[in-house]
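Since the structure comes first, as structure tokens, the remarks are kept for the end.
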Amino acid sequence: GKTPIVVRDCPGFLVNRILMPYMAESLVLLDEGVDMDRIDSIATKWGMPVGPITLYDMVGIDVGYFAGKVLQAGYADRAVSTPLLGQLVERGRLGKKTGKGFRAMDKKGKFVSDPEVLQLIAERASKKSELSDEEIADRLFLCMTLEAIRALEDKIARQPGDLDMAMILGVNFPAFRGGPLRWCDSEGAANLVERAKKWTSLGRRFEVP
């Protein structure tokens, strides 16, 4: 029942290489004072099945931390460091498998807010964010889409459809958007270039290939 997609070798292969900038950006937004529930809500409204913070708790914060280390080494020019994950790992907060991560789990297995983590984030956050929902969505999905374009340029996937299918089937990228490259087509490349320019001061992850 699987759909095989041929890819070339690279750090993160295809799916994780494209997903991790989105995941890491959610942590940058936390450091900028954006509430984790708001980040997750914006991502799900955009079409993702769960938000990036919830996804960290589901797959394992330690998994995200060590995968991030691989990608930071492989793409040192643009991958962002995610020290918050390391702090959570040190505290044994690995997500669902330990019953506590970014959020705690109640007796019914539902994620609930945890004051310990909120305090940890508050100590890191420089100030309360003034970003709009649209700006937050662009931060999350532009860095993902730009990395998808780089992966295509590097010939990691043979064709755009392979890459889009990998993201839809691999991480439940919203199918109605057609994958990150198809989303780029529908938004218009020139439109996304202009939107990305707004964030280039944050680092090379927002530089347009």
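We did not get these values from a lab; they are worked out from the coordinates using the rules stated. Keep in mind that what you see is a predicted model, and the values were worked out from it rather than measured. As a convention, Cβ positions derive from the backbone with ideal geometry for all residues, glycine included, and neighbour counts pool all protein chains shown.
Ordered by residue, what ³J(HN,Hα) values in Hz, to whole numbers, does segment 127-134 give under the Karplus form 6.51 cos²θ - 1.76 cosθ + 1.60, where θ = phi - 60° and Gly and Pro are x?
With the stated coefficients, segment 127-134 comes to 6, 6, 5, 10, 5, 7, 4, 5 Hz.
Let a ≥ b ≥ c be the square roots of the eigenvalues of the Cα gyration tensor of segment 105-209; is it rounded (a/c under 1.5), or, if not, prolate (a/b larger than b/c) or oblate?
Note, shape of segment 105-209 comes out oblate.
If the cut-off is 21 Å between C-alpha atoms, which lysines fall inside it for LYS107, apart from same-chain ones fewer than 8 positions away?
Here the lysines satisfying the reach criterion relative to LYS107 are LYS96, LYS97.
Quick one: what are the phi-derived ³J(HN,Hα) couplings along segment 51-64, Karplus 6.51/-1.76/1.60 with θ = phi - 60°, whole Hz, x for glycine and proline?
My calculation for segment 51-64 gives x, x, 5, 4, 5, 4, 5, 6, 8, x, 5, 5, 4, x Hz in order.
Please identify every one of the trypsin sites (Lys or Arg not before Pro) in segment 1-108 that sits in a loop by DSSP and has no more than 15 other beta carbons within 10 Å of its own beta carbon.
Those that pass, being in a loop and sparsely packed, are LYS2, ARG8, ARG91, LYS107, LYS108.
Please tell me the relative contact order of segment 104-179 in percent, rounded to the nearest whole number, where contacts are Cα pairs under 8 Å and at least six residues apart.
Answer for segment 104-179 is 12 percent.
Out of the trypsin sites (Lys or Arg not before Pro) in segment 128-174, which ones are loop residues according to DSSP with at most 13 other C-beta atoms within 10 Å?
LYS128, LYS155, ARG158
Roughly how big is the chain's charge dipole about its Cα centre, with Cβ charges of +1 (Lys, Arg) and -1 (Asp, Glu), in debye to the nearest 20?
540 debye
Report, in deg cm²/dmol and to the nearest 500, the calculated mean residue ellipticity at 222 nm for the chain, where each DSSP H run with n ≥ 4 adds -39500 (n - 2.57) and the sum is divided by the residue count.
-17500 deg cm²/dmol
Using mean projected area of the Cα convex hull in nm² as the read-out, say which of [x] 12.9; [y] 11.9; [z] 11.1 was calculated from these coordinates.
Only one listed value fits the structure, namely [y].
Enumerate by residue number the chymotrypsin sites (Phe, Trp or Tyr not before Pro) in segment 1-82 meeting two conditions: DSSP loop (anything except H, G, I, E, B), and at most 10 other Cβ atoms within 10 Å of the site's Cβ.
Sparse-neighbourhood loop chymotrypsin sites (Phe, Trp or Tyr not before Pro): none present.
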